[in-house]
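Taking it in order: structure first as structure tokens, then the write-up.
The values are calculated or read from the model by the stated rules, or taken from the named source; none is laboratory data. Please read all numbers here as calculations on a predicted model, not as lab measurements. Cβ placement follows ideal geometry from the backbone for every residue including glycine, while neighbour counts extend to all protein chains displayed.
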Amino acid sequence: MEKPAPFSLLLLLLSLTPPSTSQSQSPSSCPIDLNYVSTIPWQRSSCIGDPSKSDHCCQTLLSLFGIGLAQHLRDTSLFQLSHPSAATSCLASLQQRLVSLGLSSSLIPLCLNNSAEFVIDSSNCVGIRTKDDWRRRLGNTSVDDACSGDLSDLTSCNSCVQSGFNVTSQLLSMDRNSANATNRTNECFNFTVLYAAGVANARGPEDLGTASCVLGLPLTKRSKSNQQRQLSLLSALCGVISGVVFMTLLGGFYLWWERKRQRKQKSSVEDGSWEGGDTRARVRPNTGATWFDIRELKKATGGFSQRTMIGQGGFGIVYKGTLPDGTFVAVKKMVTQGLDLQGDDFSNEVNIISSIRHRNLLPLRGCCIARDDEGEEQRFLIYDYMSNGSVDEWVFGTKEGKRLSWAQRRGIVVGVAKGLAYLHNGVRPAIYHRDVKATNILLDTHMNARVADFGLAKQNREGQSHLTTRVAGTHGYLAPEYALYGQLTEKSDVYSFGVVLLEIMSGRRALDASEGSEAFLVCDWAWGLAKAGKVREVIEKGIREEGPMEVMERFVMVGILCSHVMVAFRPSMGEALGMLEGDFEVPEIPDRPLPLGHESFQWGSPCTVASNGDGSGHRRSMTTRAIAGAIARATLSHY
């Protein structure tokens, strides 16, 4: 599950200065129950060793104490503690609990050294002190709705975060006092954080989803209890038994169905719906995919009419279809020219994608092999229909009047990273996609990213560091070592992913010859700006104000690192995903031997220049290959 960059980005500024009314509690005692400090699985690693060297530790402790303040608001209606001695007592109690966990006794004096920050002050944030004050000022807000449920998934957390920023803006617009504006912003935002976690959310601030999303508390994976293990084992045993029974029934059904198909085929060889025997057996999927009759597809697509056509390219034509149960599908009709090559892609895609399932990979619903009236063989692939088209259409403006918000771009990038990480590490043998690009990333109804088109995918046999294969893919997205030598590794997909990430963040295409005489490469352009300290300029202007700039800049830096010309400097997809989610720091971007936009890397230059007639074109071609080859060999030697 993705861990979004929510309120935690501003919790670093958590000078919690909210409100309260008179209280009957003893001012010298702590009104907060801090037992959760020992029970919630929060990450303590940043607080081990010398805490003065870790800002992450202080941020974590602020988030941890914020849980108690949010619960105090939930129980008492007070945004802050009512007396300085109560705040002092709470911090002392928190320090004792940290020491009991084996942490340094200097953490609280170092990180939370001003107890007055947690005490009621009616001058803070438009005078709000209690929940009643909040509701008199704002009424029912978007936070009450967006933050009310389970916040452990990306979509709901992003919605809660965005509503929090909106409510904070409302509070600031009510405050006409412009003095000390920064503190005022922090105060009102912190009030929103406490309200979202302590009041709006039905699960309360100690819920792990709420603590992680709203309060930004970094969590560790909690180990299962013995009882949970027993339940898991029991569930697994039941699953195995059910699986055996199911496979037995499935095997019997398949034998019956195969005999019926063979009888039907004998009586209808001349029928256009015949599914070629030998080819059909060769590309039969392992699981999941259904074999469609050509008559079903004709009916679903209106006879493959022009009005149902939704896409066309070198691979063939895509039609939108409607199955009898009302389900929308996309039917890809493979081109008939170059049938042997398309047949390989067809078989490859059926065999690979039908055996895997992941929420960020486009599932193959089925396939069909048939013959037309002239006896020509036709091949079809059937997918779930993605109603929002491709990322290319949204980023580069072919979706009229629509654009991607920062939250949507963030979700798409992380979704693609998860899908590719699953292909590289979640299945055996690993799968290399080889054609990661914006047009091959589709968006479902909820704008979730689905990596599509596995016609060029390759499986890596165990023990291989790379595959040597024919080069296939799209210029601008191809890693240099793969484009030059056909040497394919998981880092080849990482390079393509980095290019797509930069396209999504900048709104500029991977390869654009309209920039001038030399082709514009987005990875060169972004790398140059980053080295000049101008990372912000890479980000498309329309989204710069929509989210935390440091998170957007982090995404850009990950894209630059992934598309580095040197293989050794690219992260794996798992590492890239960790950087995007904030689990790993993004290292400093290393220098590059030559920018990919250098004339040595002009795509197609050996062909276009070789026609000069005096031989100079050929000499330049050899120079291009020599320089590019030297760089590629250097990159491979580091892998």
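Yes/no matrix, rows are residues, columns are (1) polar (S, T, N, Q); (2) touching a strand residue (DSSP E or B) at 6+ places or on another chain (Cβ under 7 Å):
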residue	(1), (2)
Ser29	yes, no
Asn35	yes, no
Ile40	no, no
Arg44	no, no
Ala70	no, no
Leu81	no, yes
Ser93	yes, no
Arg97	no, no
Leu101	no, no
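Residue pairs whose Cβ atoms lie under 7 Å apart, sitting 6 or more positions apart in sequence or on different chains, and linking a residue in the range 287-311 that is under 23 Å from Asp453 (Cβ atoms) and of a type outside the set (S, T, N, Q) to a partner that is assigned to a loop (DSSP other than H, G, I, E, B) and at pLDDT 85 or above, are Ala300/Leu323.
Matching residues to (1) more than 16 Å from Asn186 (Cα to Cα); (2) more than 37 Å from the chain's Cα centre (by Cα); (3) buried (at least 20 other Cβ atoms within 10 Å of the Cβ):
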| position | (1), (2), (3) |
| --- | --- |
| Ser85 | yes, yes, no |
| Leu101 | yes, no, no |
| Ser104 | yes, no, no |
| Leu107 | yes, no, yes |
| Asn113 | yes, yes, no |
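Screening Leu233 with (1) modelled with pLDDT under 80; (2) touching a helix residue (DSSP H, G or I) at 6+ places or on another chain (Cβ under 9 Å) gives one miss only, at (2). The C-beta contact set for the range 581-592 (first residue within 17 Å of Cys523 (Cβ to Cβ) and not assigned by TED's automatic domain parsing to the domain that holds His56, second residue of a type in the set (Lys, Arg) and surrounded by 15 or more Cβ atoms within 10 Å (Cβ to Cβ), distance under 7 angstrom, 6+ apart or interchain) comprises Val586/Arg554. Please find, among Arg434, Arg409, Arg428, Arg403, the residue that is surrounded by 22 or more Cβ atoms within 10 Å (Cβ to Cβ), in a loop (DSSP other than H, G, I, E, B) and assigned by TED's automatic domain parsing to the domain that holds Ser492. It is Arg434. Scanning the range 56-101 for residues that are outside any helix (DSSP H, G or I) and either closer than 25 Å to Arg135 by Cβ or free of Cβ contacts under 8 Å to residues at least 24 places away in the same chain (or both) gives Ser77, Leu78, Phe79, Gln80, Leu81, Ser82, His83. Any chance the range 363-373 includes a residue that's assigned by TED's automatic domain parsing to the domain that holds Val558 and part of a loop (DSSP other than H, G, I, E, B)? Within the range 363-373, none of the residues are assigned by TED's automatic domain parsing to the domain that holds Val558 and part of a loop (DSSP other than H, G, I, E, B). Would you confirm whether or not the range 115-138 contains a residue that is farther than 29 Å from Val167 by Cα and surrounded by 16 or more Cβ atoms within 10 Å (Cβ to Cβ)? Scanning the range 115-138 turns up no residue that is farther than 29 Å from Val167 by Cα and surrounded by 16 or more Cβ atoms within 10 Å (Cβ to Cβ). Just to be sure before I move on: is Glu540 over 18 Å from the mean Cα position of the chain (by Cα), among the acidic types (Asp, Glu), modelled with pLDDT of 90 or more and farther than 26 Å from Ser46 by Cβ in the structure I sent? Yes; evaluated as a whole, the condition is true for this residue. Of the residues making up the range 524-553, those that are part of a helix (DSSP H, G or I) and surrounded by 19 or more Cβ atoms within 10 Å (Cβ to Cβ) are Asp524, Trp525, Ala526, Trp527, Ala530, Val535, Val538, Ile543, Met552.
Does at least one position in the range 94-112 carry a residue that is among the β-branched types (Val, Ile, Thr), over 14 Å from Pro205 (Cβ atoms) and in contact with a His (Cβ under 8 Å, 6 or more places away or on another chain)? Scanning the range 94-112, I find no residue that is among the β-branched types (Val, Ile, Thr), over 14 Å from Pro205 (Cβ atoms) and in contact with a His (Cβ under 8 Å, 6 or more places away or on another chain), so the answer is no.
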